[in-house]
Amino acid sequence: MTKTLLFSFTMAMTTSCGAQEPASPKKHHIEGGFTNNYYHLDKGFSDVTKWWWERTTPEPKFFPLAKNDPAFLKSNKTEPTITWVGHSTFLIQIDGINILTDPHFTERASPVSFAGPKRYTQPGLSLDDLPQIDFVIISHDHYDHLDLTTVKALFDRQPENPPVFFTGLKVKARFEAEGITSAQEYDWWESTEIKGFNLHCVPVQHFSGRSLTDRNSTLWCGWIIERNGYQIFFGGDTGYSKDFKDIHDKFGDMDLSLIPVGAYDPRWFMASHHVNPEEAIQIHRDLNSKLSIGMHWGTFILTDEPVDEPPVRLAKGMQAIGPDSASFTVMQHGETRILNLNTSKKTEEVAEIEESK
Ligand code: ZN
Ligand code: ZN
């Protein structure tokens with residue numbers, strides 16, 4: 001793709017504007033859209049220009065796909081599993097319920113099929129490999145997280161019983177424009193229930209938009225997926241902020257956290273909206289997460305750091321803080337792991353019972 005095309009694409013992701021609407025009393029609701037909870041630097045046209053003309057785009061590298069077992073995943077009703085498809089897409093299976101996060105199975109993270117960031121690592125599972133999906137968590141409307149071709153395919157492959165798509169406010173219209181009628185949208189701190197799961201929409205520090213005129217007009221978010229006390233945090237895209245301590249204050253320790261570790265350089269441009277691996281570790285600690293998995297790397301080239309740097313820096317950072325370095329790692333594309341559903345809360349309850357004996 002030419003530099004001009006890439007530049008136009010990036011401007012669509014970063015230029016400010018928006019439709020006019022009445023102001024809301026909620027702090028993060030502002031005229032025409034939404035804003036973050038805490039101090040952050042928004043970048044303007046001159047910053048985008050500077051980045052694009054100074055940048056050195058890294059080379060893609062080959063990441064081998066792990067072997068997995070689609071037949072097992074399709075029939076699995078008992079084993080709790082997580083499979084990393086790539087970027088921010090995970091298949092999570094708990095008690096026979098199948099969940100996807102930010103599903104992206106196509107070639108580009110772009111508004112057009114002929115240009116924009118191209119996938120250099122193929123999805124670790126294909127759409128055909130997937131079991132019937134019960135629900136889908138969407139963090140925000142950037143092209144690398146909301147791929148309308150993918151969500152339409154997910155909707156169409158289950159005509160009798162389509163997956164429910166959970167999004168932040170104002171994103172539902174993007175689904176309805178595609179004829180997808182099973183989307184629901186939520187504000188930060190709102191909750192809902194589905195098939196024995198509690199879902200909580202939570203704040204993260206990012207932005208939204210898919211064109212030159214819609215920046216921050218839809219809400220970005222993270223999600224907590226909870227079942228029987230087992231809590232999974234899905235961070236979507238985020239910079240570092242006090243939001244994570246707020247989330248911990250409200251929900252307590254996480255059993256599993258899916259945290260972005262890539263798309264962070266150059267820091268002068270990316271820091272407010274994308275954490276680096278060291279900040280991702282701070283999120284893992286803020287959430288007191290028993291286990292965390294790094295995502296948002298190794299799939300599309302969006303920023304300037306070497307594509308294989310995030311897991312190296314993550315491992316180094318975890319080794320520096322102590323003995324539990326295995327509690328925050330990355331997975332191979334396509335890798336499936338069995339989850340241990342013994343929750344922190346359950347462990348505490350057991351300890352209390354033991355003490356009272
Ligand atoms: Zn984003
Ligand atoms: Zn992203």
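The values are calculated or read from the model by the stated rules, or taken from the named source; none is laboratory data. The structure displayed is predicted, hence computed values, not measured ones. Counting neighbours? That spans all protein chains shown, and the Cβs are built from the backbone with ideal geometry, glycine included.
Rundown of residues vs (1) farther than 14 Å from Leu302 by Cα; (2) of a type outside the set (A, V, I, L, M); (3) at pLDDT 90 or above, yes/no style:
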residue: Thr2; (1), (2), (3): yes, yes, no
residue: Phe9; (1), (2), (3): no, yes, no
residue: Ile30; (1), (2), (3): yes, no, yes
residue: Thr35; (1), (2), (3): yes, yes, yes
residue: Tyr39; (1), (2), (3): yes, yes, no
residue: Thr56; (1), (2), (3): no, yes, no
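With respect to the stated conditions, Ser211 is assigned to a loop (DSSP other than H, G, I, E, B), within 16 Å of ligand 1 (Cβ to nearest atom) and at pLDDT below 95. Residues of segment 282-297 that are surrounded by 24 or more Cβ atoms within 10 Å (Cβ to Cβ) and either within 16 Å of ligand 2 (Cβ to nearest atom) or outside any loop (DSSP other than H, G, I, E, B) (or both): Ile283, His284, Ser292, Gly294, Met295, His296, Trp297. Residues that are surrounded by 20 or more Cβ atoms within 10 Å (Cβ to Cβ) and more than 15 Å from ligand 2 (Cβ to nearest atom) within segment 202-213 comprise Val202, Pro203, listed in sequence order. Every residue in segment 179-198 that is out of contact with any Gly (no Cβ under 7 Å at 6 or more places or on another chain) and of a type in the set (D, E, K, R), please. Hits for segment 179-198 are Asp187, Glu190, Glu193, Lys195. Taking the conditions (1) of a type in the set (A, V, I, L, M, F, W, C); (2) farther than 30 Å from Lys61 by Cα; (3) within 15 Å of ligand 2 (Cβ to nearest atom) in turn, Leu199 satisfies each one other than (3).
For segment 148-179, filtering for residues that are aliphatic (A, V, I, L, M) and under 25 Å from Val204 (Cα atoms) leaves 6. A single entry from Leu212, Leu148 fulfils the requirement of being in contact with a Cys (Cβ under 9 Å, 6 or more places away or on another chain) and farther than 28 Å from Met254 by Cα: Leu212.
Against the conditions (1) in contact with a strand residue (DSSP E or B) (Cβ under 9 Å, 6 or more places away or on another chain); (2) in a loop (DSSP other than H, G, I, E, B); (3) polar (S, T, N, Q), Thr150 satisfies every one except (2).
The residue of segment 87-107 that is surrounded by the most Cβ atoms within 10 Å (Cβ to Cβ), among those that are charged (D, E, K, R) and in contact (Cβ under 8 Å) with a residue 24 or more places away in the chain, is Asp102. Only residues that are modelled with pLDDT of 95 or more and touching a Cys at 6+ places or on another chain (Cβ under 7 Å) were counted in segment 215-236, giving 3.
Can you list residue pairs whose Cβ atoms sit under 6 Å apart, with the first residue in segment 132-149 being under 14 Å from Thr101 (Cβ atoms) and the second being near ligand 2 (Cβ under 10 Å from one of its atoms) and assigned to a strand (DSSP E or B)? Count only pairs 6 or more apart in sequence or on different chains. Filtered contacts from segment 132-149: Asp144/Phe300. The set of residues in segment 256-281 that are in a helix (DSSP H, G or I) and either more than 14 Å from ligand 2 (Cβ to nearest atom) or of a type outside the set (A, V, I, L, M) (or both) comprises Arg267, Trp268, Phe269, Pro277, Glu278, Glu279, Ile281.
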